[in-house]
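Have a look at the structure below, then the notes.
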């Protein structure tokens, strides 16, 4: 399948190559072309490879970077003037139909009131959880449980009672 860029894309990339080559004195990288055109370097790479296949540009690859150089600008005139092919038009139409259907579903959700009902249920559940959370008493593991008279970690008070008796005896001296 021939993946020819359209006339406008070809001229745009070739013009960017010429401008950057004039500014820097050497063929530009795909990243530089993308930055100048405000498109990703992946898009520039796809167009540049298609232009290379048509003999319009040469792609110079080194281990460090990839640069683009214009070889035959006259072949730009052979590129198709219209970018949208039948297959691409079909894909775009299918995408627009899917988008329209999603918008209708969202619109129906809001118009029917289901969204508001779900929102109320969710917030009611969250409110109940918050009330339950406030009711729970956070227990400090370092304090004594006043109701049972035992330490929180389950130790008995026998050792504590002996210590208090010794302390009382020490106070009498």
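Using the average count of surrounding beta-carbon atoms within 10 Å as a protection proxy, the listed peptides 102-109, 16-23, 61-68, 27-34 rank, highest first, as 27-34, 16-23, 61-68, 102-109. Considering all alpha-carbon pairs of segment 7-78, what whole percent are spaced by more than 15 angstrom? Here the tail beyond 15 Å accounts for 45 percent of pairs. Summary of the geometry: segment 106-122 and segment 18-37, compared by the centres of their Cα atoms, lie 53 Å apart. A Stokes-Einstein calculation at 10 °C with viscosity 1.306 mPa s, built on the Kirkwood radius of segment 86-133 over Cα pairs, returns a diffusion coefficient of 117 µm²/s. At full extension, residue 64 and residue 22 could sit 13.0 nm farther apart than now, given 0.36 nm per residue minus the alpha carbon distance. Modelled label positions at residue 110 and residue 135, each set 7 Å beyond Cα in the direction of Cβ, lie 3.8 nm from each other.
Every read-out reported here was derived from the displayed coordinates using simple, explicitly stated rules and does not represent laboratory data. As the structure is a prediction and not an experimental result, all values here were calculated from the model. Here Cβ is always computed from backbone atoms with ideal geometry, including for glycine, and neighbour counts include all displayed protein chains.
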